[in-house]
Amino acid sequence: MKITALSSHCVDFFPDQNEIFVGGNSLNFATHCKLLGVNDINVIGAVGNDPFGMLIEEHFDKYSISRAHIYRIDCSTASNKIYINEKGDRYFKADSWNGGAFDAFRLSEKDWKVLETSDIIAMPAGDPNLKALLEKRNSHQIVVIDFLDYHTLEYIESFIDKIDITFLSAKEEILDDLEKLSFRSGKMIVATLGANGSVAFHKNKRYCQEAVKVPEIIDTTGCGDAFQAAFVVEWDKTHDIRSALFQGATVASKVLLFLGGVE
């Protein structure tokens, strides 16, 4: 299994706790895949010529994740300011996100060659390279896209035919619409519902998984990325939806116990 995650690598600022951690969908996803025993992992993207870019590079080196296609560019490293409420749920403010190098990065020919040899490709839907990736992807690959919690159903539907597994953070009131979209497109959709667990739609069936309870929720940052990594790794091994949902819930629950997306 060769996995490539692109291209969201950032630093997460926690102003109220005076803490800084590396993060981003792709960094978190790749790290959890590594922790789950996947050895052949590539990350693609850009960081800035600043100390935060160095932190991200050091993180990949620590976990022996290849960063041959992580580029230093004359731009700030992407960053996010994260706030946590009394329940441990993260939230953002209007000035939280600084896209920096993430917004500026575009895939090169060398990057496309890496992607051609990947079995699984994971990317957040907000990536500027999304359309190009879906146009150039190979049919033998599993392409995984995270639509997070702010994209509309219409936006998801416009891409779903070229996506193998669609992830999103959703509300229960849209599950029936997601089910219809999955059945109509023939594609797998997996929705995480926070404390209400997760739901997968695949081959005209709905599968439900309860959230794994923890003693105390410290921070929800990165739970979705951890869930997705565990789900994809298990699905690739077993093609068992229920097992993949359970593994996703189990790994995600561990991330609730500390600040940041990776411990």
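The values are calculated or read from the model by the stated rules, or taken from the named source; none is laboratory data. Please read these numbers as outputs of a predicted model, since none were measured by experiment. A quick note on method: Cβ atoms are made from the backbone with ideal geometry, for glycine too, and the neighbour counts reach across all protein chains shown. Each accessible area value is taken on the protein alone, full model and side chains, heavy atoms only, with ligands, DNA and RNA left out. Shrake-Rupley method; radii C 1.70, N 1.55, O 1.52, S 1.80 Å.
How many lysine pairs does the range 180-263 hold where the Cα atoms are under 18 Å apart and the two sit 8 or more places apart or on different chains?
So the count works out to 5.
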Point-to-point label distance, SER139-TYR155, nm (Cα→Cβ direction, 7 Å offset): 3.0
For the chain: relative contact order, % (alpha-carbon pairs under 8 angstrom, 6 or more apart): 18
Accessible surface ranking that places the most exposed of LYS180, LYS213 first, with a 1.4 angstrom probe: LYS213, LYS180
GNM flexibility winner over the chain from ALA229, ALA46, ALA68 (Cα, springs under 10 Å): ALA68
Highest average packing first - 142-148, 10-16, Cβ atoms within 10 Å: 142-148, 10-16
Simple label model, 7 Å out from Cα along Cβ direction - ASN49 to CYS208, nm: 5.5
Alpha-carbon centroid distance for the pair the range 132-175 / the range 19-74, whole angstrom: 23
Residues of the range 117-170: accessible area per residue with a 1.4 Å probe, Å²: 42
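Just from its helices, what would the mean residue ellipticity at 222 nm be for the chain, if runs of 4 or more DSSP H residues each count -39500 (n - 2.57) and the sum is divided by every residue, rounded to the nearest 500 deg cm²/dmol? Could the numbers behind the result be given before it?
Details: 9 runs with 92 residues, N = 263.
So the calculated ellipticity at 222 nm is -10500 deg cm²/dmol.
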With every protein chain in place, the range 131-263: carbon and sulfur % of accessible area (1.4 Å): 49
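With +1 assigned to the C-beta of every Lys and Arg and -1 to the C-beta of every Asp and Glu, and no other charges, what is the dipole magnitude of the chain about the Cα centre in debye, to the nearest 20?
The dipole of the chain has a size of about 680 debye.
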Spin-label zone in the range 1-42 - amide nitrogen under 20 Å from a point set 7 Å from the Cα of LYS93 along the C-beta vector: 11-21
In the range 14-116, the chymotrypsin sites (Phe, Trp or Tyr not before Pro) that fall in loop regions by DSSP, at most 13 other Cβ within 10 Å: PHE92
Net charge over other residues, Cβ less than 13 angstrom from the Cβ of HIS59 (K, R count +1; D, E count -1): -2
In the range 1-102, GluC sites (Glu not before Pro) in a DSSP loop with at most 12 other beta-carbon atoms within 10 Å: GLU86
